[in-house]
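Shown next, in structure tokens, is the structure this report addresses.
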There are 2 protein chains.
Amino acid sequence: MVTTTELSHTHFSSIMAKPIPRNKSSSIFLSDGFLFLGGAFSALVLVWGFSSFTNPIPNTHKNNAVSYSTPDLRFDPPDQTFYDDPEMEYTMTTKIDDWDEKREEWLKHHPSFSAGAKDRVLMVTGSQPSPCKNPIGDNLLLRFFKNKVDYCRIHGYDIFYNNALLHPKMFAYWAKYPVVKAAMMAHPEAEWIWWVDSDALFTDMDFKLPLKRYKDHNLVVHGWPHLIHEKRSWTGLNAGVFLIRNCQWSLDFMEAWAGMGPQSPDYEEWGKTLRSTFKDKFFPESDDQTGLAYLIAIEKEKWADRIYLEGEYYFEGYWEEIVETFSNISKKYEDIEKDEPKLRRRHAEKVSEAYGVIREEYLKDAGYGKGSWRRPFVTHFTGCQPCSGKYNEMYSADACWNGMKKALNFADNQIMRKFGFVHKDLGDNGVSSLPFDYPQV
Amino acid sequence: MVTTTELSHTHFSSIMAKPIPRNKSSSIFLSDGFLFLGGAFSALVLVWGFSSFTNPIPNTHKNNAVSYSTPDLRFDPPDQTFYDDPEMEYTMTTKIDDWDEKREEWLKHHPSFSAGAKDRVLMVTGSQPSPCKNPIGDNLLLRFFKNKVDYCRIHGYDIFYNNALLHPKMFAYWAKYPVVKAAMMAHPEAEWIWWVDSDALFTDMDFKLPLKRYKDHNLVVHGWPHLIHEKRSWTGLNAGVFLIRNCQWSLDFMEAWAGMGPQSPDYEEWGKTLRSTFKDKFFPESDDQTGLAYLIAIEKEKWADRIYLEGEYYFEGYWEEIVETFSNISKKYEDIEKDEPKLRRRHAEKVSEAYGVIREEYLKDAGYGKGSWRRPFVTHFTGCQPCSGKYNEMYSADACWNGMKKALNFADNQIMRKFGFVHKDLGDNGVSSLPFDYPQV
């Protein structure tokens, strides 16, 4: 939007003429012209001056951010959208066409949601409806959910927790896809759906998704191309955390992806195909992770260019290599704060992002991912199965549950700090209050 | 902020003069003046016309809502606020002074949060850190938490789930108060802190707090004045759900209120005083609910005028009288929808409030609270103790757990509807997909 100041300057420079003193010997026409222009010039200077007074030039102390209008939750105009089409289905049974155009149309009719739409993220997660068999399972799921809600509150994202089985045959890890599909339809204002497994948590509350990095992609998972295309390993990527764009390509892709699930007549065949293509897959059933790897490797021309295999930071981090690093990382971050008063400054929880930006300056040598001393973005307790309790035999129960407790408290420390408290011992749920100017001695 | 159009009109009317044709017989001075003014006028018409073109007059189909700027999460200026005062404490040990002025100062330095500040609500809830003794306890807490997150997502509220014991001696129901205090300090942008117990859930997803009603009050609880002042019943109000204003009065009040807790040297004495004042209180320990009733009844002049005993709707509803009404209420609402196509219209979850407004027109005869057929706002499973499992003997276990399941599914139906699903049987966690134009036959 062109401001008054900008407008005035445009006219100012185009209309202004060098004033010439009126002289009886000049032609009447010329002097009339200059009078006219002089009047125009004076009026514009007045307008510009007045508007500068009412819209003072911002000083560096003021809020420089682009300000969007807040979404209007009470406005749904009668203009027809895809919601009024009887053909639209929330389920995976049929797939909508022209979804990109339909989303755009909805946004057009809901202008208060347009601003910020390009980066709007809806987090989606969930678990089974019935109580966990593991006696501590639901307590862990509750804490993992709280962690996600904390992250979303800091960054202004919406979050949806699902605990209904939307398709009777799409159980276990397949249950995600009907939820993601329904969420896309129910949330046209969201550009991205971010599925995060119930056993994954945020261990860096500052870090934000580098969405510009994914501007030409529609699906992001943690993974490494060579492990998929060359080594053909089923763990060359992880499907427990993915960012999927709310667009037609994603609906088409999910049709193929979820089409390998238990509801499909080809389910058993897929199990065999996936296992023969990815030789390290050790269980016979078709699973979504190997399915994704297959689509990237084998249907490469069709899909791969829009799928980002993110291996440069812990978009999803393997817990077993992470848990042991928490105390060293905590020490590093504490040392940074001891040297930088700005990072010790107390502040409203809602402006935490400002401090994330400051902290980032001090993390330039931290690195990312494995071997770094940066807080891992997401820690995923793959193989621990907190709900069923049937953890992978390669782990001990203690490693899983104690690891989870440490990770949850490591993350919670970053939140409780804003409320004036800390877990001094990551293995202990107890907290202590923090003195002013912590951690300065 | 004065707009370009408004500014231009101001100048337009003050500067414009009726153009007079130039005439050799007019004095040179007058005709020069008119030429000058004519130039001024023309310039302003140009500027006004250009700005109208770039800022078209909104048509009636457009979003008429007041648009606030979105809070800027990345902006925390260096201007000193209460956060920079070493005396400020998040704990209940010391109490801040001039909190109203300090909050206002913070808002002044964070203008993007000012808009909407008067009605901004932070929901706070929580439970113990350790797993529940009741095998299904944490599963229930997880579902109750999801319910609150759903309500907040629809209405744009932030929510904070606490599961740390902030004061080692303030256990059980007393644990709330340090959390509320810390939340007030951590969230100066919030006008209200809305504490909702872990065993209370939202059973009307449309209903919004009538905040205007409470403009002269600082604390709202469900209760009835005669039961407090005359009958002196400890259940004359319920402290499991309260709305408390983020202000100095509230800090002062909480100091008195929480001062009756286990951390106080007067704790035992308070137990005796409360029990002798409220004769139907049957357990000896000082509790926060009777404590609140005491402060309203006995320290009436000091506090009562700012405490709203809300008895006109289910600000907090007693589950035992509510659960049996769910199927009748569901039928009533379904009948309304069968007659009103607007209410059958599918829509984005984020614009649900628009449909709440439409629905309200049809609820004019529904009534409120007990005996009404309006969806109860909040249903509270007092006495069921989902976490410990030690439910009050006057109930049966089945009544509690089955009641909770029904309530959770009754509420979830209002959410799942936006995702295209419904629990047909409230006692069953299973869902079915909904056809277009449901519930029209």
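Here, each number is a calculation from the coordinates, and none is a lab measurement. Since we're looking at a predicted model, the values are computed, not measured. Methodologically, a virtual Cβ is constructed for each residue, glycine included, from the backbone with ideal geometry; neighbour enumeration extends over all protein chains shown.
One table, with the values for the structure above:
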{"read-out": "Simple spin-label estimate for B:Asp79 and A:Asp84 in nanometres, 7 Å along Cα-Cβ", "value": "4.6 nm"}
{"read-out": "Per residue convex hull volume, Cα atoms of the stretch A:358-423, in Å³", "value": "108 Å³"}
{"read-out": "FRET efficiency, 1/(1 + (r/R0)^6) with R0 60 Å, evaluated for B:Asn392 and A:Glu340 via beta carbons", "value": "0.65"}
{"read-out": "Neighbour cut-off at most 14 other Cβ (10 Å), DSSP loop, GluC sites (Glu not before Pro), the stretch B:162-250", "value": "B:Glu230"}
{"read-out": "Along principal axes, Cα extents of the stretch A:254-357, largest first, whole Å", "value": "61, 28, 25"}
{"read-out": "Per DSSP, loop chymotrypsin sites (Phe, Trp or Tyr not before Pro) in the stretch B:278-315 with at most 16 further Cβ within 10 Å", "value": "B:Phe282"}
{"read-out": "Rounded to whole Hz, the Karplus (6.51, -1.76, 1.60) HN-Hα couplings of the stretch B:195-201, x for glycine and proline", "value": "7, 10, 3, 5, 9, 10, 9"}
{"read-out": "Whole-angstrom gap from the stretch B:276-301 to the stretch A:175-222, using each part's C-alpha centre", "value": "49 Å"}
{"read-out": "For A:Asp204, A:Asp84, order by how many other beta-carbon atoms lie within 10 Å, fewest first", "value": "A:Asp84, A:Asp204"}
{"read-out": "Proximal aspartates and glutamates to B:Lys95, defined as alpha-carbon separation beneath 17 angstrom and excluding residues fewer than eight positions away on the same chain", "value": "B:Asp84, B:Asp85, B:Glu87, B:Asp252, B:Glu255"}
{"read-out": "Separation of the B:Ser372 and A:Phe171 label points, Cα + 7 Å toward Cβ, nm", "value": "4.3 nm"}
{"read-out": "Long pairs among B:Lys176/B:Lys231; A:Lys146/B:Lys370; B:Lys181/B:Lys300; A:Lys418/B:Lys390, criterion Cα-Cα beyond 29 Å", "value": "A:Lys146/B:Lys370; A:Lys418/B:Lys390"}
{"read-out": "Ranked B:Ser388, B:Ser286, A:Ser69, A:Ser250, criterion: other C-beta atoms within 10 Å, fewest first", "value": "B:Ser388, A:Ser69, A:Ser250, B:Ser286"}
{"read-out": "Chain lengthening between B:Gln440 and B:Glu360 when straightened (0.36 nm per residue, less Cα-Cα)", "value": "26.8 nm"}
{"read-out": "In the stretch B:214-299, trypsin sites (Lys or Arg not before Pro) in a DSSP loop with at most 11 other beta-carbon atoms within 10 Å", "value": "B:Lys215, B:Lys279"}
{"read-out": "Computed over the stretch B:202-345: relative contact order in percent, which uses C-alpha pairs under 8 Å that are six or more apart", "value": "29 percent"}
{"read-out": "Shape metrics for the stretch A:286-329, restricted to C-alpha atoms - Rg then Dmax, Å", "value": "14.9, 44"}
{"read-out": "Pair B:Phe283, A:Ser327: separation of 7 Å Cα→Cβ label points (nm)", "value": "3.9 nm"}
{"read-out": "Scattering profile of the stretch A:290-441 at q = 0.16 Å⁻¹ [log10 I(q)/I(0), Debye over alpha-carbon scatterers]", "value": "-1.00"}
{"read-out": "For A:Thr290, A:Thr93, B:Thr235, order by how many other beta-carbon atoms lie within 10 Å, fewest first", "value": "A:Thr93, B:Thr235, A:Thr290"}
{"read-out": "Percent RCO, i.e. relative contact order, over the stretch A:278-437, from Cα pairs under 8 Å lying at least 6 residues apart", "value": "21 percent"}
{"read-out": "Spatial separation of Cα centroids for the stretch B:245-275 and the stretch B:75-116, in angstrom", "value": "25 Å"}
